[in-house]
Amino acid sequence: MDISLFQWGQFITLLLISLALGMDAFSLGIGVGMGKLRLREVLSISTTIGLFHVAMPLLGIWIGHTLSSVVGDIAVLIGGGVLIALGIHMLWSGFTQEEKQSQLYTKGFGLILFAVSVSLDALSVGFSFGLIEVNQLLAVTLFGVTGGLMAGCGLMIGRSFGGWLGDYSEIIGGVILILFGCKFLW
């Protein structure tokens, strides 16, 4: 089984991007986890977030494919610009340390809204991936697994330790997205 250097490089790149995207779920999970959730609720929330981390990039990829046929070569520049803008937004949120809403409805519509809110970044990245050549199955699989696991870890840490990691994780995620956005532009 011969795996080329390009495939390993793409895997590592996608893994780092999935970690960056999971930072939102992780940091918000810490705040929500401080509400002393039961393990069943942690599993439900993290599974839902993982599923939305698959669905949202797929929607973004579809939109990106549609747009790339219209825009052409400029599509790669747009995709890189979206990643950079997303990273800057995450940095801004991390540095301004806006008060995050820790109240969460763990069932029904509230859970769906929470999952959508932490998966919007994945929609934007999926849009970028619809504009460039990337292994989309690998990307959405990594996004889903990583998003779900990071949300679960954040919820469990929040249950145990409190909120100091949340602010730093969003800053790290923003830096990673900016770096990969710049990679697409140059």
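Descriptive notes on the structure:
- Qualifying residue in segment 158-169 (condition: small (Gly, Ala, Ser), open to solvent by 70 Å² or more (accessible area, probe 1.4 Å) and modelled with pLDDT under 85): yes
- Residue check, Gly148 within 22 Å of Pro57 (Cβ to Cβ) and modelled with pLDDT of 75 or more: yes
- The listed residue being modelled with pLDDT under 85 and not in a helix (DSSP H, G or I), out of Leu28, Leu86, Leu37: Leu37
- Once segment 89-106 is narrowed to residues that are of a type outside the set (S, T, N, Q) and modelled with pLDDT under 75, the residue that is surrounded by the fewest Cβ atoms within 10 Å (Cβ to Cβ) is Glu99.
The values are calculated or read from the model by the stated rules, or taken from the named source; none is laboratory data. Bear in mind that the values here come from a model prediction, so they are computed numbers and not experimental data. Cβ coordinates were reconstructed from backbone atoms using ideal geometry, including for glycine residues, and neighbour counts include every protein chain displayed. For the accessible areas, the whole protein counts, side chains as well, though only heavy atoms, and no ligand, DNA or RNA atoms are used. Shrake-Rupley method; radii C 1.70, N 1.55, O 1.52, S 1.80 Å.
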